[in-house]
Amino acid sequence: MVFFVDPPMLYNGITTQVLVYLSGINGGNVTSLGIRPTGTTDPLLYLTTTYDITKPNQVLAIVPMGLPTGGYDVLVEDALGCSAELTNGLQVTDSLTLALDRIDPPFGMSGQLTGVTLFTENPLPAGMVGFGNLPRVYLAPHNPGPGDVATTMTALGFINDEKLTGVVPGTLAPGEYDVIVVNPGGEVGLLANGFTVTANPSPVI
(Lines give C-alpha, C1' and ligand atoms only; values in the text may rest on other atoms or scores of the structure.)
Protein backbone atom coordinates (compact mmCIF):
# COMPACT_ATOMS: atom_id res chain seq x y z
CA MET A 1 0.00 0.00 0.00
CA VAL A 2 1.11 3.56 -0.76
CA PHE A 3 -0.12 6.01 1.87
CA PHE A 4 1.37 9.45 1.31
CA VAL A 5 3.90 11.51 -0.61
CA ASP A 6 5.82 14.12 1.39
CA PRO A 7 5.68 16.87 0.30
CA PRO A 8 2.46 16.34 -1.69
CA MET A 9 2.75 19.68 -3.54
CA LEU A 10 5.70 20.53 -5.80
CA TYR A 11 6.81 23.51 -7.88
CA ASN A 12 7.75 22.39 -11.38
CA GLY A 13 10.58 24.89 -11.71
CA ILE A 14 12.90 22.75 -9.57
CA THR A 15 13.92 19.11 -9.19
CA THR A 16 12.69 17.89 -5.81
CA GLN A 17 13.30 14.87 -3.61
CA VAL A 18 10.15 13.42 -2.06
CA LEU A 19 9.56 10.75 0.58
CA VAL A 20 6.94 8.12 -0.23
CA TYR A 21 5.37 6.28 2.71
CA LEU A 22 4.22 2.70 2.05
CA SER A 23 3.88 -0.76 3.58
CA GLY A 24 3.90 -4.43 2.59
CA ILE A 25 7.09 -4.39 0.50
CA ASN A 26 8.01 -7.93 -0.59
CA GLY A 27 11.40 -9.19 -1.69
CA GLY A 28 13.31 -6.59 0.31
CA ASN A 29 13.31 -3.86 -2.32
CA VAL A 30 11.33 -1.40 -4.42
CA THR A 31 12.09 -2.08 -8.08
CA SER A 32 10.16 0.80 -9.63
CA LEU A 33 8.24 3.94 -8.76
CA GLY A 34 6.41 5.76 -11.51
CA ILE A 35 3.97 8.63 -11.88
CA ARG A 36 1.43 9.63 -14.52
CA PRO A 37 -1.28 12.28 -14.79
CA THR A 38 -4.34 11.38 -12.76
CA GLY A 39 -7.24 10.01 -14.79
CA THR A 40 -5.05 8.92 -17.72
CA THR A 41 -3.44 5.70 -18.93
CA ASP A 42 -0.29 7.50 -20.08
CA PRO A 43 2.99 5.60 -19.90
CA LEU A 44 4.59 5.87 -16.48
CA LEU A 45 7.41 8.31 -15.86
CA TYR A 46 9.80 6.24 -13.74
CA LEU A 47 11.60 8.17 -11.01
CA THR A 48 15.08 7.60 -9.60
CA THR A 49 14.59 6.00 -6.18
CA THR A 50 16.58 5.07 -3.09
CA TYR A 51 15.31 2.28 -0.83
CA ASP A 52 16.87 1.48 2.56
CA ILE A 53 15.93 -1.96 3.95
CA THR A 54 16.34 -0.56 7.48
CA LYS A 55 13.44 1.80 6.70
CA PRO A 56 11.05 -0.61 4.97
CA ASN A 57 8.11 1.81 4.98
CA GLN A 58 9.84 4.61 3.08
CA VAL A 59 11.34 5.20 -0.34
CA LEU A 60 13.04 8.36 -1.60
CA ALA A 61 12.28 9.51 -5.14
CA ILE A 62 13.52 12.35 -7.34
CA VAL A 63 10.79 14.28 -9.17
CA PRO A 64 12.28 16.14 -12.16
CA MET A 65 11.59 19.77 -12.97
CA GLY A 66 9.43 20.71 -15.94
CA LEU A 67 6.47 18.40 -15.34
CA PRO A 68 3.09 19.58 -16.64
CA THR A 69 0.89 20.94 -13.86
CA GLY A 70 -1.87 18.92 -12.27
CA GLY A 71 -2.37 15.79 -10.20
CA TYR A 72 -0.33 12.60 -10.56
CA ASP A 73 -0.95 9.00 -9.58
CA VAL A 74 1.97 7.25 -7.87
CA LEU A 75 2.59 3.58 -8.67
CA VAL A 76 5.10 1.39 -6.84
CA GLU A 77 6.27 -2.18 -7.59
CA ASP A 78 8.34 -4.37 -5.26
CA ALA A 79 10.90 -7.10 -5.94
CA LEU A 80 8.22 -9.82 -6.14
CA GLY A 81 6.19 -7.89 -8.69
CA CYS A 82 3.47 -6.77 -6.29
CA SER A 83 2.22 -3.27 -7.04
CA ALA A 84 0.19 -0.52 -5.40
CA GLU A 85 -1.15 2.84 -6.53
CA LEU A 86 -1.90 6.13 -4.80
CA THR A 87 -4.40 8.06 -6.88
CA ASN A 88 -3.75 11.81 -7.12
CA GLY A 89 -0.97 11.45 -4.57
CA LEU A 90 1.15 14.26 -5.99
CA GLN A 91 0.28 17.76 -7.15
CA VAL A 92 2.47 19.88 -9.43
CA THR A 93 2.05 23.63 -9.93
CA ASP A 94 3.74 26.47 -11.80
CA SER A 95 1.64 29.29 -10.33
CA LEU A 96 3.48 31.95 -8.30
CA THR A 97 0.91 33.42 -5.90
CA LEU A 98 2.96 33.77 -2.70
CA ALA A 99 4.32 37.31 -2.34
CA LEU A 100 7.88 36.39 -1.34
CA ASP A 101 9.85 39.63 -1.06
CA ARG A 102 13.33 39.07 0.39
CA ILE A 103 15.67 36.91 2.46
CA ASP A 104 18.00 38.33 5.11
CA PRO A 105 20.93 37.84 4.91
CA PRO A 106 20.96 37.08 1.18
CA PHE A 107 24.30 35.27 1.36
CA GLY A 108 26.15 32.57 3.29
CA MET A 109 29.41 30.65 3.22
CA SER A 110 29.77 27.12 1.90
CA GLY A 111 30.46 24.69 4.72
CA GLN A 112 28.67 26.78 7.35
CA LEU A 113 25.08 26.92 8.55
CA THR A 114 23.41 30.28 7.89
CA GLY A 115 20.40 31.48 9.86
CA VAL A 116 18.04 33.53 7.68
CA THR A 117 14.70 35.33 7.84
CA LEU A 118 12.28 35.43 4.91
CA PHE A 119 9.72 38.17 4.38
CA THR A 120 6.66 38.66 2.21
CA GLU A 121 5.63 41.94 0.66
CA ASN A 122 3.73 44.26 2.99
CA PRO A 123 1.01 45.01 2.17
CA LEU A 124 0.24 41.96 0.08
CA PRO A 125 -0.54 42.69 -3.58
CA ALA A 126 -4.03 41.85 -4.77
CA GLY A 127 -4.46 38.15 -5.43
CA MET A 128 -1.28 37.21 -3.54
CA VAL A 129 -0.90 35.43 -0.20
CA GLY A 130 1.58 35.30 2.68
CA PHE A 131 3.22 32.36 4.44
CA GLY A 132 1.14 29.43 5.60
CA ASN A 133 1.95 27.35 8.66
CA LEU A 134 4.27 25.57 7.84
CA PRO A 135 5.69 25.93 4.30
CA ARG A 136 8.63 24.15 2.68
CA VAL A 137 11.59 26.27 1.60
CA TYR A 138 14.05 25.18 -1.09
CA LEU A 139 17.27 26.51 -2.54
CA ALA A 140 17.93 25.51 -6.13
CA PRO A 141 20.85 26.45 -8.41
CA HIS A 142 19.80 29.38 -10.58
CA ASN A 143 21.19 27.59 -13.62
CA PRO A 144 20.63 23.93 -12.71
CA GLY A 145 22.57 21.16 -14.38
CA PRO A 146 21.53 17.55 -14.89
CA GLY A 147 20.91 15.90 -11.56
CA ASP A 148 20.84 19.13 -9.51
CA VAL A 149 18.23 18.56 -6.79
CA ALA A 150 16.83 21.45 -4.74
CA THR A 151 18.11 21.60 -1.15
CA THR A 152 15.57 21.88 1.65
CA MET A 153 16.01 24.65 4.20
CA THR A 154 15.95 23.31 7.77
CA ALA A 155 14.79 24.45 11.23
CA LEU A 156 11.89 26.47 9.85
CA GLY A 157 10.03 28.70 12.26
CA PHE A 158 6.67 30.28 11.39
CA ILE A 159 6.45 33.75 12.95
CA ASN A 160 3.40 35.01 11.08
CA ASP A 161 2.13 35.23 7.50
CA GLU A 162 4.76 37.91 6.78
CA LYS A 163 7.84 36.39 8.44
CA LEU A 164 9.55 33.01 8.44
CA THR A 165 12.92 31.89 9.84
CA GLY A 166 15.14 29.01 8.77
CA VAL A 167 18.65 27.65 8.38
CA VAL A 168 20.50 27.26 5.08
CA PRO A 169 22.53 24.02 5.19
CA GLY A 170 26.28 24.23 4.80
CA THR A 171 26.28 21.61 2.03
CA LEU A 172 25.64 24.05 -0.82
CA ALA A 173 28.43 24.70 -3.31
CA PRO A 174 29.39 28.31 -4.04
CA GLY A 175 27.06 29.95 -6.53
CA GLU A 176 23.74 31.71 -7.07
CA TYR A 177 20.54 30.09 -5.81
CA ASP A 178 16.82 30.64 -6.30
CA VAL A 179 14.73 30.60 -3.13
CA ILE A 180 11.39 28.80 -3.42
CA VAL A 181 8.67 28.71 -0.75
CA VAL A 182 5.78 26.26 -1.09
CA ASN A 183 2.83 26.75 1.27
CA PRO A 184 0.83 23.79 2.62
CA GLY A 185 -2.04 25.03 0.47
CA GLY A 186 0.09 24.90 -2.67
CA GLU A 187 0.87 28.60 -3.15
CA VAL A 188 4.44 29.17 -4.36
CA GLY A 189 6.80 32.11 -4.00
CA LEU A 190 10.08 32.57 -5.88
CA LEU A 191 13.14 34.76 -5.38
CA ALA A 192 15.30 34.31 -8.48
CA ASN A 193 18.99 34.62 -7.55
CA GLY A 194 17.79 35.33 -4.02
CA PHE A 195 20.68 33.70 -2.15
CA THR A 196 24.44 33.61 -2.83
CA VAL A 197 26.79 31.00 -1.42
CA THR A 198 30.42 32.13 -1.21
CA ALA A 199 33.63 30.15 -0.86
CA ASN A 200 35.11 32.66 1.58
CA PRO A 201 33.69 34.25 4.74
CA SER A 202 32.13 37.70 4.52
CA PRO A 203 34.21 40.64 5.75
CA VAL A 204 33.58 41.73 9.35
CA ILE A 205 33.16 45.47 9.95
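Of Arg136, Arg102, which residue is of a type in the set (Lys, Arg), farther than 30 Å from Arg36 by Cβ and touching a strand residue (DSSP E or B) at 6+ places or on another chain (Cβ under 7 Å)?
Step by step, each of Arg136, Arg102 is checked, and only Arg102 is of a type in the set (Lys, Arg), farther than 30 Å from Arg36 by Cβ and touching a strand residue (DSSP E or B) at 6+ places or on another chain (Cβ under 7 Å).
Would you be able to say whether some residue in the range 39-55 is among the basic types (Lys, Arg) and either part of a strand (DSSP E or B) or open to solvent by less than 50 Å² (accessible area, probe 1.4 Å) (or both)?
no
Return the residues of the range 1-47 that are among the charged types (D, E, K, R) and either out of contact with any strand residue (DSSP E or B) (no Cβ under 7 Å at 6 or more places or on another chain) or farther than 15 Å from Ser83 by Cβ (or both); say none if nothing qualifies.
Within the range 1-47, Asp6, Asp42 meet the criteria.
Would you be able to tell me the number of residues in the range 155-196 that are farther than 13 Å from Gly115 by Cβ, exposed (fewer than 14 other Cβ atoms within 10 Å of the Cβ) and of a type in the set (Gly, Ala, Ser)?
Result for the range 155-196: 3.
Does the range 31-38 contain any residue that is touching a Leu at 6+ places or on another chain (Cβ under 7 Å), touching a residue at least 60 places away in the same chain (Cβ under 8 Å) and closer than 30 Å to Val129 by Cα?
no
All but one of (1) more than 20 Å from Pro135 (Cα to Cα); (2) in contact (Cβ under 8 Å) with a residue 40 or more places away in the chain; (3) open to solvent by less than 40 Å² (accessible area, probe 1.4 Å) hold for Ile14; which doesn't?
Ile14 satisfies every listed condition except (1).
With respect to the numbered conditions (1) crowded, with 16+ Cβ neighbours inside 10 Å; (2) among the charged types (D, E, K, R); (3) in a loop (DSSP other than H, G, I, E, B), which one is the sole condition not fulfilled by Asp148?
Exception for Asp148: condition (1).
Consider Gly108 against the criteria (1) open to solvent by 30 Å² or more (accessible area, probe 1.4 Å); (2) more than 14 Å from Val182 (Cβ to Cβ); (3) touching a residue at least 60 places away in the same chain (Cβ under 8 Å): it satisfies all of them except one. Which criterion is unmet?
Result: Gly108 fails condition (1) only.
If you take the residues of the range 70-87 that are of a type outside the set (D, E, K, R) and open to solvent by 60 Å² or more (accessible area, probe 1.4 Å), which of them is farthest from the chain's Cα centre (by Cα)?
Among those that are of a type outside the set (D, E, K, R) and open to solvent by 60 Å² or more (accessible area, probe 1.4 Å), it is Leu80.
Testing Thr120 on (1) open to solvent by less than 70 Å² (accessible area, probe 1.4 Å); (2) farther than 30 Å from Glu162 by Cβ, one condition comes back false. Which one is that?
Every condition holds for Thr120 apart from (2).
Just to check your reading of the model, which residue among Leu90, Leu67 is in a loop (DSSP other than H, G, I, E, B), surrounded by 13 or more Cβ atoms within 10 Å (Cβ to Cβ) and at pLDDT 95 or above?
Step by step, each of Leu90, Leu67 is checked, and only Leu67 is in a loop (DSSP other than H, G, I, E, B), surrounded by 13 or more Cβ atoms within 10 Å (Cβ to Cβ) and at pLDDT 95 or above.
The values are calculated or read from the model by the stated rules, or taken from the named source; none is laboratory data. Nothing here was measured: the structure is a model prediction, and the numbers come from that model. Note: ideal-geometry Cβ built from the backbone for every residue, glycine included; neighbour counts use all protein chains shown. These accessible areas exclude ligands, DNA and RNA; they are computed on the full protein's heavy atoms, side chains included. Shrake-Rupley method; radii C 1.70, N 1.55, O 1.52, S 1.80 Å.
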